[in-house]
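As structure tokens, the structure follows; a few thoughts come after it.
FYI, it's all coordinate maths here, none of it is from the lab. In this text the structure is predicted, and so the values were computed from the model without any measurement. As a convention, Cβ positions derive from the backbone with ideal geometry for all residues, glycine included, and neighbour counts pool all protein chains shown.
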Amino acid sequence: MSHISPVLWQFLVKWLTNSALLPPEASKIAPQMDALLFFMVLVSLIGLTVVALLIASFSILYSKKRHPVAEQIEGSTLLEATWTIIPLGLFLVMFVWGALIYFRVFTPPANAMNIYVVGKQWMWKAEHPGGQHEINALHIPMGRAIQLTLISQDVFHSFSIPAFRVKREAIPGRYTTVWFEATTPGTYHLFCTQYCGTNHSQMIGDIVVLSPEDYRKWLAESTSGMSMAQNGERLFASLSCAACHNARPDARGPSLANVYGSKLALSSGGTVLADEAYLRESILNPSQHVTQGYQPIMPTYQGQISEEGIIALVEYIKNLDSDYRVQQTLNTTDLLPGSEGKAAPGAPGPAKQGMVKQ
Amino acid sequence: MSETSEHAHHIVSPKVYVVILFALLLGTALTVGASFVDLGLWNPVIALAIATSKATLVVLYFMHVKYSTKLTKLTVFSGIFLFLALVGMTLADYVSRAWGQW
Amino acid sequence: MPDSTTIAHGAEAAAHEEHPAYLRHHFNSTEQQADASNFAMWLFLLTEVMFFGGLFTAYLIYRNWYYPAFVSGSHQLNVIWGTTNTFVLILSSFTMAMGVWCAETRRRRGLVLCLSLTLVLGLAFLGIKTVEYREKIEKHHVPGTHYSIGAFLDPAHDEAASAAGDKPLALDMARHTEVYFSLYFLMTGMHALHMIIGIGILVFMIVRARAGAYTAGHVTMVENFGLYWHFVDIIWIYLFALLYLISRH
Amino acid sequence: MSSDTIVLLPDQSTARIPKRNYLTQENGLLSWLLTGDHKRIAILYLISLSFFFFIGGALAGLIRLELLTPQTDLMATDTYNKVFTMHGVIMIFFFLVPSVPATLGNFFIPMMIGAKDLALPKINLLSWYLYMAGGLLALYTMATGGVDTGWTFTTPLSTHYVNTNVLTTGLAAFIAGFSSIFTGLNFIVTIHKMRAPGMTWFRLPLFVWAHYAASILMVLATPVVAISIVLIALERTIGIGVFDPTKGGDPLLFQHLFWFYSHPAVYIMILPGMGVISEVISTFSRKRVFGYTAVAFSSVAIAVFGFFVWAHHMFIMGISNYAVLVFSLLTMLVAVPSAIKIFNWTFTLYKGSITFETPLIYTFGFMGLFTIGGLTGVFLGTSGTDIHLTETYFIVAHFHFVMVGGMLMAFLAGIHFWWPKMTGRMYPEKISQLAAVVTFIGFNFTFFPQFILGTLGMPRRYASYPPEFQILNVFSTAGATILGVGYLLPVLYLTWSLKYGAIAGDNPWQATGLEWQTQSPPLTENFVEMPIMDHEAYDYEWLENQTKNREKEAEVTSAG
């Protein structure tokens, strides 16, 4: 192989030994995705070969030398039908197969562990339920379903883990979710794949998959002392949410215990599933999500809580399984000066007092 | 439409225009009147229905589509169709987002 | 193949005819020329439909999302001005249609009169629109940094809102009235822009009509402009219904 | 050699370029700038398009150079961002969208249907001026600091988070959009109203059908992007809240409106190219296109279905899952007509009598590359695999296969095919065959590695990347060099041929289209007398009889 440039040869060998066509399969969905990909590559190769062979053989057989006079052929309905139906059938198979995978990637199982990810120019911030924060990195345990709840603070970003074959846009103003279950410990690429401005190509990081023991160790090492729900609780108190959401008989707001995951009847009619997105929306645009039997008196917190703050609140509300906790909070807020009459109807005032910028 | 031929240029008589004018004015009065009555869900439906019939009158008579070639009719139709496709398919996304995950 | 025969027929017929001065060299007959420009105008209107289509889509989506804001927003509009404007525009459409008739029947004075009336009515429409816009500007209902939501938080102290019996909106919903006014100004503004362009062409056409340019058999320009003017009218019919009326009661 | 070519040139010692033709009709710069002649406007477009193509190409070269190494060493990241944005804007709005329609379409549609000109010559000239205004504005933008939003102008990035020249670039695209609308409108009117006697719909060359389909897309889709650009501009200047999430707007709505145009735009780009392929493949296999009606209707089907697939650009952006299903299914449907076309072209070769001149070599290149490009499109239209592949180099490779591999190959095939008609002179055959092969090889070298980069997960629009992707990027950059040579060659030898090329005569390829039945270069009014179409499209027997009759006549006159 002396005639091949040694540099090129080195490169080739390096590439072939490294990773040939696909990144490692490190999640449960990856082999399924790859199976479909291989099927599609196979179909494409066959299709391409058929076309190439036909062109090549016709070119040889019917070149002017061999075949000086062309025979005029109008067409053939049978052939037209063949190459309409066969590709259509194959494409439909791909459609159904692909839709099944799409369905799996974006339908998290009920017991998934939820990690929040906030994208901003140009970093990823991950928030674990235990209160661990990470930037441009995500530590996750192997063999456990992880759901990511994504949001962006500014522009569109996209959270991509090629080794897991998953990707989801983080969009401003709305939660999106994706889930995966890592199968192999190791460190994998995290990319932002949606163009997001100057340092788009530096919005990268590491996904670190740990064995369950290592993960526990990591959790213990990187704890910030307060869980996310505890952070939320503090915020809940300082924003005086318990002034209304206190589960007393005369409460102006609905009780929030066990509200997560339930079907709520709205005063505008209709019911809604109280998920993360709903909780977030009803903090920011409360008048559109008034629970039946209550007045639309809650002020909006748009522009007053950071996305991380909202996440903490959402996480707190999610974990509320009794009114006892709220009433505890209430007792503490009662001690705060000027906490009475915060949510006076129609007055935008309370926001000023309860403002917490994280 | 027997009077529609490829080349005969149909001249609509002023009488027709006057009739249409009064129909349009009447339609406007009706729709304004209807808007002050609370009909719930029917308010937008009625308003849009009257607007559409007014628009249809304008297209058919003022714009001579009634007397035009098939090609013109097809053009108008394809415009409406694609307009509805743009609005409809985009709205379909927004409406079905509220249905939740699956 | 009727299509081909008619065209062939047209070509032969044209060969025996005297060519009028306005027949451009690449057409075979005046009919072909008129047909072509008429069809082109329709296609252009199609692009206009799609142009406004984007705005209508946005309007429908946000009306769905922020219904109370859209209701309160529309209560700030003046139905009397709106209705007057609708009448004005329908009348101008009528005068335009009559103008086309005058051109077709070769009445020069009638055509000039009709076009002038259309012009006056068009200007009247824009005048009323200006009055409406000024009202919005004074109340800080133009989206942007100076946008004010006072009228929606406290409707009792706002003339238009209290007249409509508005209840105060929650702060978050009141903020979304800005979306309503964004769309209001966009849609009516785009419509007004089309009116202004139309009026410019009208002035040009009146000058030419006085010289008798459109009453000698070549009416395509008048007809095409008529199509444009009627189209602008249709857009307004829908804008009037969507912006002023459907949330009125 | 004579048995493997169909080229039939007049006796070079006596042949002359006709004295009176559209090029010599009038002289002086003004006669060009104020012309209403569709052929002259086509030439104006050809020159200006080539200019923008090479600017866009130079930017592509810069991108490839930067990506030679994993670090950002050649330019800063925001410079890189500006470079790829301007590459996209210039290539899409100022090269690909107008490429075949504005040059070859403009030149040949009236000739093919036997008309003297397009229906609206002034509008045609206006659309060239709009194109130039838009193009120069884009260049001005580039010179005064550029723009770094990506050609997709994604909100809220473009409205709130960049402070580069979004407004002027948007205005440039807006103006170019109107140029495109007017071109499409002109074509539709012309094809409907200006056909020669006997030229029925099913006697139209497939080139005309393809342009008709593309024109529908131009007329109906472009205004939607125009309004979304207006909305962006107002959002940036005044701060209206239609796309701004903090004011209650939905940034996804912009994506809907944008892709409502920009997906059909892909078909605007490729359909005219497909038209070229039909003409070339029929001519060089001396056969009527296999399944004429199927090919004609598949063009229209692509145009119609093309409108209803736009949201497949948004599968992972949080549109509703039901919408994903619907749009994914519709995307599968739009893939079928393209497959039909490929097979019909292939079977046009069957029992033909094929010669391998340059246009056919480019056509074979097109068929191979477009097949790959089309099939990889199915990977992206399938909702499941789209998750992994979208926003990576896979998508970059995919659309370059379709648009550069497909469209540019078709454009070059068409330019070579009609060069003798446009200029009256032949291009040099040998070197142009070489150029076609070089282009094909260079293209594959450049873009095939990018598929693998994509499956490996390398994101698009990255100025720097992890080092393990370097080897494939080196391949790609090396290929781009070859590709560059492949594109420069035609410029050189085509320019050379303007003066030194062999005189082509009326119909060097013995093709059947009406455009070949008149002198080359044609008269300003195209035909001496109005042609009458009395045969089907691609009727080679008619052509032979025609030639025989003419020979007989010549014999009779010489004998007499």
Listed residues A:Val209, A:Val96, A:Val118; largest mean-square fluctuation, Gaussian network over chain A with Cα springs below 10 Å, found at A:Val96
GNM of chain A, Cα pairs under 10 angstrom: of A:Val93, A:Val117, A:Val50, the biggest fluctuation goes to A:Val50
Computed ³J(HN,Hα) along segment D:166-180: with the Karplus parameters 6.51/-1.76/1.60, θ = phi - 60°, integer Hz and x for glycine or proline, the list is 5, 5, 5, 5, x, 4, 4, 5, 4, 5, 4, x, 5, 4, 5
With Rh as the Kirkwood radius over Cα pairs, segment D:218-321 has Rg/Rh of 1.17
Per its Cα gyration tensor (rounded if a/c is under 1.5, else prolate when a/b beats b/c, else oblate), segment B:12-66 is best filed as oblate
Note, segment C:81-97: 3J(HN,Hα) by Karplus (6.51, -1.76, 1.60, θ = phi - 60°), whole Hz, Gly/Pro = x, goes 4, x, 5, 4, 4, 4, 4, 4, 6, 5, 4, 5, 4, 5, 4, 5, 4
Here the longest stretch of chain D that holds no trypsin sites (Lys or Arg not before Pro) in a DSSP loop having at most 11 other beta carbon atoms within 10 Å is D:21-560
With only helices counted (DSSP H, runs n ≥ 4, each -39500 (n - 2.57)), the per-residue ellipticity at 222 nm for chain A, to the nearest 500, works out to -12000 deg cm²/dmol
Yeah, the protein assembly as shown with a ≥ b ≥ c from its alpha-carbon gyration tensor (a/c under 1.5 is rounded, else prolate when a/b outruns b/c, oblate otherwise) is oblate
Segment C:34-245: relative contact order from alpha carbon pairs under 8 Å, six or more residues apart, as a whole percent, is 36 percent
Only helices counted: for chain D, with every DSSP H run of 4 or more residues adding -39500 (n - 2.57) and the sum spread over all residues, [θ] at 222 nm is -21500 deg cm²/dmol
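Could you tell me which of the pairs B:Lys73/C:Lys129; D:Lys116/D:Lys341; D:Lys122/D:Lys421; A:Lys64/D:Lys19; A:Lys217/A:Lys318; D:Lys430/D:Lys552 are separated by over 29 angstrom between their Cα atoms in the structure shown?
Violating the 29 Å limit, Cα to Cα: B:Lys73/C:Lys129; D:Lys116/D:Lys341; A:Lys64/D:Lys19; D:Lys430/D:Lys552.
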Note to self: C-alpha centroids of segment A:125-188 and segment A:74-114 sit apart, in Å, by 28 Å
With only helices counted (DSSP H, runs n ≥ 4, each -39500 (n - 2.57)), the per-residue ellipticity at 222 nm for chain B, to the nearest 500, works out to -22500 deg cm²/dmol
In nm, the gap between the two label points placed 7 Å beyond Cα toward Cβ at A:Ala112 and D:Gln12 is 7.1 nm
quick note, segment A:101-225, DSSP beta bridge pairs, % antiparallel (nearest 5) is 65 percent
Label model pair D:Val485, D:Glu429: point-to-point distance (7 angstrom along the Cα→beta-carbon line) in nm is 2.4 nm
Ordered by fewest other Cβ atoms within 10 Å, a rough proxy for footprinting exposure, C:Asp35, A:Asp321 read A:Asp321, C:Asp35
Chain A: relative contact order from alpha carbon pairs under 8 Å, six or more residues apart, as a whole percent, is 14 percent
Residue-ordered couplings for segment A:300-311, obtained by feeding phi - 60° into the Karplus form 6.51 cos²θ - 1.76 cosθ + 1.60 and rounding to whole Hz (Gly and Pro as x), are 7, 10, 4, x, 10, 10, 6, 4, 5, x, 4, 4
For the protein assembly as shown, percent of DSSP beta bridges that are antiparallel (nearest 5) comes out at 70 percent
By the Cα gyration tensor axes a ≥ b ≥ c (a/c under 1.5 gives rounded; else a/b larger than b/c gives prolate, otherwise oblate), the shape of segment A:113-221 is prolate
Segment B:42-68 and segment A:202-247 have their Cα centres apart by a whole-number Å value of 59 Å
For segment D:2-559, the Cα convex hull volume per residue in Å³ comes to 147 Å³
Taking A:29-40, C:124-135 and ranking on average Cβ neighbours within 10 Å, highest first, one gets A:29-40, C:124-135
Interchain or sequence-distant (5+) residues whose placed amide H lies within less than 5 Å of the amide H of D:Arg425 are D:Ala504
Of the convex hull enclosing the alpha-carbon atoms of segment A:28-105, the direction-averaged projected area in nm² is 6.6 nm²
Expected integer from the mean partner chain Cβ neighbour count at 10 Å over D:224-234 is 4
Taking R0 as 35 Å and r as the Cβ-Cβ distance between C:Ser162 and D:Tyr161, the FRET efficiency 1/(1 + (r/R0)^6), rounded to the nearest 0.05, comes to 0.30
Descending packing, highest mean Cβ count within 10 Å first, for C:99-111, D:406-418 is D:406-418, C:99-111
Descending packing, highest mean Cβ count within 10 Å first, for A:146-152, D:453-459 is D:453-459, A:146-152
With a Förster distance of 22 angstrom and the Cβ-Cβ distance between D:Phe202 and A:Leu88, calculated FRET efficiency to the nearest 0.05 equals 0.35
For D:Ile354, other-chain or 5+-apart residues with amide H closer than 5 Å (H placed, Pro excluded) are A:Ser63, A:Lys64
Per-residue average of other protein chain Cβ atoms inside 10 Å, peptide C:218-228 -> 1
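Need one number: convex hull volume per residue for chain A, Cα atoms only, in Å³. Walk me through the numbers before you get to the answer.
Values: hull volume 80.9 nm³, N = 358.
In chain A, the Cα hull volume divided by residue count equals 226 Å³.
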For A:Ala170, the residues 5 or more places away or on another chain with a placed amide H closer than 5 Å to its own amide H are A:His157, A:Ser158, A:Phe159
Pseudo-spin-label distance A:Ser211 to D:Phe51, built 7 Å along Cα→Cβ, given in nm, is 6.8 nm
Per residue of A:188-194, other chain Cβ atoms within 10 Å number on average 6
Relative to chain A, whose Cα atoms define the longest principal axis, helix A:6-18 and its Cα axis are tilted in degrees, nearest 10, by 60 degrees
Most exposed to least, judged by fewest other Cβ atoms within 10 Å, C:Met96, D:Met91 sort to D:Met91, C:Met96
Looking only at lysines whose Cα falls under 23 Å of C:Lys167's and that sit 8 or more positions away or on another chain, we get A:Lys342, C:Lys136, C:Lys139, D:Lys247
GNM of chain A, Cα pairs under 10 angstrom: of A:Leu42, A:Leu284, A:Leu313, the biggest fluctuation goes to A:Leu42
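Given that compact globular proteins tend to follow 2.2 N^0.38 Å, what is the ratio of the alpha-carbon Rg of chain C to that value?
Compared with the compact-globule rule of thumb, chain C sits at 1.29.
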Most exposed to least, judged by fewest other Cβ atoms within 10 Å, B:Val95, D:Val97, B:Val65 sort to B:Val95, B:Val65, D:Val97
Percent antiparallel among DSSP beta bridges confined to chain A, nearest 5, equals 70 percent
Along the dipole axis of segment D:2-559 (charges at Cβ: +1 for Lys and Arg, -1 for Asp and Glu; origin at the Cα centre), the most positive-end residue among D:Phe93, D:Gly368, D:Phe182 is D:Phe182
